[in-house]
Amino acid sequence: MTDALERLRFAIGALPAALARFSDADASAPQGPGRWAKKEVVGHLIDSASNNHQRFVRGQLQAGQTFPRYDQDDWVRVQQYRAAPWAELIDLWRLYNAHLARVAVAMTAEARRVTCRVADGDPVTLDALFVDYVDHLEHHLRRMLGAWPATGDPT
């Protein structure tokens, strides 16, 4: 989890400036046929933070839970991220992820080993779920921005 936490901290520090280079209009334009706009990608990442926040906290309170999967396309559609102000989406993503970093730091070694399930998936530890969360974030950043450092090191 330590590596994933450092990668998340790097993203929290670097991503807002990288995203702010795009105008509101540019961020509203779909990235291609059938693809989300940058605003929708960031909205999806906010949704991912929200869903995983529940898992990280509730999983520590009661082991062995099964959490629902979420339909990302419906979540993005219903929340109308493309109409949201770009700067607000960037701020919300940054603040939510800063909070998730604090949640991760507060997890004890015992809590990191607690298992849960997402939908009908195999049991997974909260530690592995956190690493997957950061991997998922970086996957979307690479697709949206064209590149994102795999190590959190900008060089």
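Residue-by-condition table, conditions (1) of a type in the set (Asp, Glu); (2) at positive phi; (3) out of contact with any Phe, Trp or Tyr (no Cβ under 8 Å at 6 or more places or on another chain):
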position: ALA63; (1), (2), (3): no, no, yes
position: PRO68; (1), (2), (3): no, no, yes
position: GLN72; (1), (2), (3): no, no, yes
position: VAL76; (1), (2), (3): no, no, no
position: ALA83; (1), (2), (3): no, no, yes
position: ALA87; (1), (2), (3): no, no, yes
position: ARG102; (1), (2), (3): no, no, yes
position: ALA119; (1), (2), (3): no, yes, no
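Looking only at helices (runs of 4 or more DSSP H) that lie completely in the stretch 80-155, which have at least 3 residues being modelled with pLDDT of 95 or more, over 18 Å from the mean Cα position of the chain (by Cα) and within 15 Å of LYS38 (Cα to Cα)?
Hits in the stretch 80-155: none.
Take residues that are free of Cβ contacts under 8 Å to residues at least 40 places away in the same chain and out of contact with any Leu (no Cβ under 7 Å at 6 or more places or on another chain) and tell me which of the helices (runs of 4 or more DSSP H) falling wholly in the stretch 1-73 contain 3 or more.
Answer list for the stretch 1-73: 2-20, 38-61.
Need the failing condition index for GLY13 against (1) surrounded by 15 or more Cβ atoms within 10 Å (Cβ to Cβ); (2) at pLDDT 95 or above; (3) within 16 Å of GLU138 (Cα to Cα), just the number.
Among (1) surrounded by 15 or more Cβ atoms within 10 Å (Cβ to Cβ); (2) at pLDDT 95 or above; (3) within 16 Å of GLU138 (Cα to Cα), GLY13 violates only (1).
Can you find a residue in the stretch 61-71 that is acidic (Asp, Glu), more than 21 Å from ALA20 (Cβ to Cβ) and at pLDDT 95 or above?
No, the stretch 61-71 contains no residue that is acidic (Asp, Glu), more than 21 Å from ALA20 (Cβ to Cβ) and at pLDDT 95 or above.
Is it fair to say ALA37 is modelled with pLDDT of 95 or more, surrounded by 12 or more Cβ atoms within 10 Å (Cβ to Cβ) and touching a strand residue (DSSP E or B) at 6+ places or on another chain (Cβ under 9 Å)?
In short, yes.
Only one residue in ALA119, ALA104, ALA84 is closer than 16 Å to ARG58 by Cβ and surrounded by 16 or more Cβ atoms within 10 Å (Cβ to Cβ). Which one?
ALA104
Residue by residue through the stretch 89-120, note down the ones that are basic (Lys, Arg) and either within 23 Å of THR66 (Cα to Cα) or in contact (Cβ under 8 Å) with a residue 24 or more places away in the chain (or both).
Those that are basic (Lys, Arg) and either within 23 Å of THR66 (Cα to Cα) or in contact (Cβ under 8 Å) with a residue 24 or more places away in the chain (or both): ARG94, ARG112, ARG113, ARG117.
Kindly indicate whether LEU126 is farther than 23 Å from PHE22 by Cα and surrounded by 19 or more Cβ atoms within 10 Å (Cβ to Cβ).
Yes; evaluated as a whole, the condition is true for this residue.
The values are calculated or read from the model by the stated rules, or taken from the named source; none is laboratory data. Please read all numbers here as calculations on a predicted model, not as lab measurements. Cβ: placed from backbone, ideal geometry, glycine included. Neighbour counts: every protein chain shown.
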